[in-house]
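Below you'll find the structure, written out as structure tokens, and then a few comments.
The values are calculated or read from the model by the stated rules, or taken from the named source; none is laboratory data. Model, not experiment: these values are computed from the prediction. Positions of Cβ are backbone-derived with ideal geometry, glycine not excepted, and every protein chain shown enters the neighbour counts. Ligands, DNA and RNA are stripped out before the accessible areas are found, and what is left, the full protein with its side chains, is counted by its heavy atoms. Shrake-Rupley method; radii C 1.70, N 1.55, O 1.52, S 1.80 Å.
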Amino acid sequence: MNDALVQVREVHKVYHRGSERIDVLDGLSLEVPEGEFLALMGPSGSGKTTLLNLIGGLDTPSAGEIVVGRSSLGTLSSASLASWRAGHVGFIFQFYNLLPVLSAEANVELPLLLTRLGRSDRRQRVATALEIVGLSDRAKHYPRQLSGGQEQRVGIARALVTDPTLLLCDEPTGDLDRVSAEEILDLLEELSREHGKTIIMVTHDPAAAARASRVLHLDKGRLSRESGT
Amino acid sequence: MKFLPLILRSLLRKKTRTVFTILSIFVAFILFGYLAAIDSAFGLGVDLVGEDRLILQHKVSLVQLLPESYLRRLEAVDGIIFVTHCTWFGGVYRDPKNYFPQLVVQPERYFKMYPEFLLPEEQLSAWLEDRTGAVVGRATAQRYGFKIGDRVPIQGTFWRLADGGSTWEFTIRGIYDGAEDGTDTTQFVFRYDYFDETRVASAKGLVGWYMLRIRDPERAPEIAAKVDAMFANSFYETKTTTEKAFLRGFANQIGNIGAILTAVLAAVFFTILLVSGNTMAQSVRERSSEFAVLKTLGFSDGLVLLLVLGESFALSVFAGLAGLATAWYLISLGDPTGGVLPIFYFPPEKLVTGLSFIILLALLSGLFPAIQAMRLRIADALRRS
Ligand SMILES: Nc1ncnc2c1ncn2[C@@H]1O[C@H](COP(=O)(O)OP(=O)(O)O)[C@@H](O)[C@H]1O
Ligand SMILES: [Mg+2]
């Protein structure tokens, strides 16, 4: 019995654009053990986001199976997939994707609205998450009042607040300057090392990939080991 | 409801647009209130009239008079428990523009026939003491500043005094109120005995029409037929109907106001439906990546549907209730035309109609955008942003 947290088995993903058929993922397999910090690299359009979406249950494969923890995603209905995501996965996006009309703390609180937690418990959790990302003093600020790096930290706090085992990051530093990017990477490393989170991070940036414990390349629908190119 | 702040915040995203939408819904519901009040004003309070009253008039028209002597014969009819008569005076108070109905009545019988006219006991007694006394409804009293003890001259237009003059002078002995909002309190009534004594001899002993109270409303058609048969082939033939039918016939002479108002209302409703439907559709379209993010966080499709519907409900309910409340307040200030619409109030049952319109508006304007947001596929929506 395989005990990797994430198991991607022989996954195909095909898109059709008009009469054109695009095989983005072509029988791809991947295992990510619990606690690993994995970097996924690859040229633009190689299917990195597609793969991340499949692992996070945002999209379904054309063929193959994806198992995360004890759940085989293909067997879940869209509603149970949604509640599975709420409990098990945190997403971090390149453009942060905060709701502009909500303050930092209200953004972080969003996933907790789906739980049975009461108001004061939710506040407590939000405070803790903001503390981990070092933004306790910006709780009442709105996204437009924050720098890119700060917005991304709010995004990370939102991903963390339900204490998921798996964090999926799609180019989390892609929109940031060097210094902010380093800070975000420090934070992800800390989450991996000290909080035991399993992290899959898509990135273009070799310096970012270097922070991970393993680096994989995605090209022509398949994965290959980092070869030092 | 822990999602409420999220719903309200989302509405305030584009403040100008939301404010304009709220304003148009608000104004539409004020208009709705006014149209409802006007509609019931033209209905002449038909809906409030008791089922147990019949009106007996001359077969040819209401203008033809009937003999006073019919009263005893009507009282003797089985099923009729009480009878009184009434005569249209149609005079002028100072200026023809000052219109209010003047009726010649039998004091005690009239107020017994119309229990919805509330006249204090001591004022009725004072009136019975004074043959030249008159009683006026609250609306007219307020409009012309009539107070008890005031002397009011009314000039007859087709009635003449026996001495050749045409101006009757009355002393206000009482002011009656309406039992309900829609009760007519514009009448000016005075005594038949005094009127009959002072009018020209040729008209003595003639009255305008009769009001009959019957024991069993179910028997109204039967009693009406019986009474009309009783006076058939006499010099004064009669036509008897329920007071409701009588008033409705009167209201219909003014024209089918109800149909016109319904058409106006439908147009208004359709317009605000377009306005708020467009607001909702646009707002959902602009936020497709935000809904995708919510779904990524684990918000189910159904919850996203409810959130969007919540927005359209918040919008309609807030603006609609504010509009209805404002209409209620403005209408309670009274007839805006200064006398053309004496019975002017917000009919409570129209409030229920208004509330259903609010809910309908929320549903219709929110449903399609909500379904769109619900069906949104996460991967596609995130990629598009
Ligand atoms: N919904 C879709 N319809 C058609 N083609 C798509 C769709 N989503 C992604 N693609 C295509 O799949 C390929 C992989 O996309 P993506 O996973 O976003 O790549 P990456 O994240 O590595 O840049 C691209 O060529 C893209 O154009
Ligand atoms: Mg991508």
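Of all lysines in the structure, those lying under 30 Å Cα to Cα from A:K220, and not within fewer than 8 positions of it along the same chain, are A:K13, A:K48, A:K197, B:K295. Between helix B:301-332 and chain B, what is the angle of the helix's C-alpha long axis to the longest principal axis, kept within 0 to 90° and rounded to the nearest 10? Compared with the principal axis, the helix lies near 30 degrees.
Taking a point 7 Å out from the Cα of B:K97 in the direction of its Cβ, the residues of segment B:115-158 whose backbone N falls within less than 17 Å of it are B:143-145. Counting charges near A:R70 (Lys, Arg +1; Asp, Glu -1) among other residues having Cβ under 14 Å from its Cβ returns a value of -3. Overall, the ratio between the Cα radius of gyration of segment B:88-227 and 2.2 N^0.38 Å, rounded to two decimals, is 1.11. Would you please name the trypsin sites (Lys or Arg not before Pro) within segment B:65-112 that are DSSP coil residues with at most 14 other C-beta atoms within 10 Å of their C-beta? Passing both the DSSP loop test and the Cβ count: B:R94, B:K97. Here is the interface size for A with B: some 2100 Å² of accessible area buried, both sides summed, with a 1.4 Å probe.
Beta bridges from DSSP with both residues in the protein assembly as shown: antiparallel share about 65 percent, rounded to the nearest 5.
How many percent of the accessible area of the protein assembly as shown is carbon or sulfur, using a 1.4 Å probe? Carbon and sulfur together cover 56 percent of it. For segment B:270-296, the residues whose backbone nitrogen is under 15 Å from a point 7 Å from the Cα of B:R17, taken along Cα to Cβ, are B:274-291.
For segment A:168-229 versus segment B:117-163, the inter-centroid distance based on Cα atoms is 95 Å. Distance between the 7 Å Cα→Cβ label points at B:S332 and B:F368: 3.9 nm.
Residues of segment B:1-39 whose accessible area (probe 1.4 Å, heavy atoms of protein chains only) drops by at least 20 Å² once all protein chains are present, relative to their chain alone: B:K2, B:F3, B:L6, B:R9, B:R13. Excluding same-chain neighbours fewer than eight residues apart, the lysines reachable from B:K244 by a Cα-Cα span under 30 Å are B:K59, B:K97, B:K112, B:K204, B:K226, B:K350.
Within segment B:60-236, what percent of beta bridges assigned by DSSP are antiparallel, to the nearest 5?
Details: 23 of 32 bridges.
Bridges in segment B:60-236 that DSSP calls antiparallel: roughly 70 percent.
Heavy-atom accessible area for B:T171, with the other protein chains in place and a 1.4 Å probe, reaches approximately 10 Å².
Helix A:148-160 and the longest principal axis of the C-alpha atoms of chain A enclose an angle of approximately 80°. For chain B, the average shadow cast by the Cα convex hull is 24.7 nm², which is a quarter of the hull's surface.
Over chain B, with the other protein chains present, what is the accessible area per residue in square angstrom, probe 1.4 angstrom?
So chain B comes to 47 Å² accessible per residue, rounded to a whole number.
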